[in-house]
Amino acid sequence: MSSFAAPANVPAYLISNYLPFNLFQAQPYGNALFSSHWHDQVMEIIFVVKGRMQLFIEGYSYVGEEGDIILIEEGQIHGAYLMEKEEVPEYYAVLINKSILLTAESMHIVHEPLLNGKLSFPRCLRAEDDNYNDLKELILNIAAEYKSKKSGYELVIKSYLYRLIVTLTRVYGYEVSNSKAEGVNRRRIEELRDVMLYVEEHYGEQFTLNGISKLARMSPYHFCRTFKKITGQTFVEYVNLCRIRKGEEMIMNSSLPITQIAHRVGFNNINYFNRVFRKYRLCSPSEFRKQAEQGLYAPTGLN
């Protein structure tokens, strides 16, 4: 299965407004299958085809196993990581902009809760759950249609997406609690999103724990604990991965010297940049540039 590395905290890659969906397996960075991010207007469904993964969704940790269906709602911070000493799992990540999908047709009562946020889903569905087999079949059919791209595949996929959303709503939808504890947790998550966006925009600058903690409106100690709990990464790991992604883009798309790229993405020490880059890419920046020039590294969508 081919793959591409989806940027964090930006609009998801969708096929078109007619087919507001995508299906892929992101390329891992070191132990990160995909680093913590969110989609403001897109829900995500992950189907684990083979192997296992460690998932963090809004501060809750899950082990996704073969056959599991993971449901991630709009705006939820989520990331996935390799299980220690295990191979990279095979999975499908399905992105759906349900607002575009559902408003494209005449509104129906079943659509309204999905559009105004009154429904929520369990995080993980397994074989023993009601309607699991129906959902699994829909996901596999979507994947098969998308990979084959036979004539009319867009129409077939769209019909499957409607069935998928309606089934989820009928069987698993429930009203979200507005408890005080959940309200506090939501505010913390929103504050961390502000920090993550700040890092994405200012990755070339130097961060201090005190400065970032103030941005998050937390003490340094509480910020470190909360960031790790919500994302599954330490703040330093998140920053380094962001900088490596940006550095990788510069290596592929410019002729700038590696030393200059390292400084531009926030690494003041070239040796440290090389060491961190090798951790995530299993090669040095120079070796990576040679691979890209030879066409040995060309991230693409699932074809």
Only one of L197, L192, L215 that is more than 16 Å from Y29 (Cα to Cα), outside the structural domain of Y92 (by TED's automatic domain parsing) and over 22 Å from the mean Cα position of the chain (by Cα): L215
Look at F273 and say whether it is in contact with a Gly (Cβ under 8 Å, 6 or more places away or on another chain) and assigned to a helix (DSSP H, G or I). yes
Are any residues in segment 117-139 part of a helix (DSSP H, G or I) and free of Cβ contacts under 8 Å to residues at least 40 places away in the same chain, and if so, which ones? N133, D134, E137, L138
Go through the residues of segment 180-189 one by one and say whether even a single one is in a helix (DSSP H, G or I), modelled with pLDDT under 90, surrounded by 16 or more Cβ atoms within 10 Å (Cβ to Cβ) and not assigned by TED's automatic domain parsing to the domain that holds H37. yes
Take F267 and decide whether it is hydrophobic (A, V, I, L, M, F, W, C), at negative phi, touching a Cys at 6+ places or on another chain (Cβ under 8 Å) and not assigned by TED's automatic domain parsing to the domain that holds G30. no
In this structure, does S35 turn out to be of a type in the set (G, A, S) and assigned by TED's automatic domain parsing to the domain that holds Y132? yes
Meets criteria (modelled with pLDDT under 95, assigned to a helix (DSSP H, G or I) and in contact with an Asp or Glu (Cβ under 7 Å, 6 or more places away or on another chain)) for T167: yes
Return a yes/no flag: does segment 124-137 have any residue that is out of contact with any Cys (no Cβ under 7 Å at 6 or more places or on another chain), modelled with pLDDT under 55 and not acidic (D, E). no
Criterion first (closer than 16 Å to R193 by Cα and either within 17 Å of the chain's Cα centre (by Cα) or touching a residue at least 24 places away in the same chain (Cβ under 8 Å) (or both)) does C242 satisfy it? yes
Determine which member of the set K158, K228, K147, K214 is touching a Ser or Thr at 6+ places or on another chain (Cβ under 6 Å), at pLDDT 90 or above, part of a helix (DSSP H, G or I) and of a type in the set (D, E, K, R). K228
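The values are calculated or read from the model by the stated rules, or taken from the named source; none is laboratory data. Remember, it's a predicted structure, so these values are computed and weren't measured experimentally. Virtual Cβ from ideal backbone geometry, glycine too; neighbours counted across all protein chains shown.
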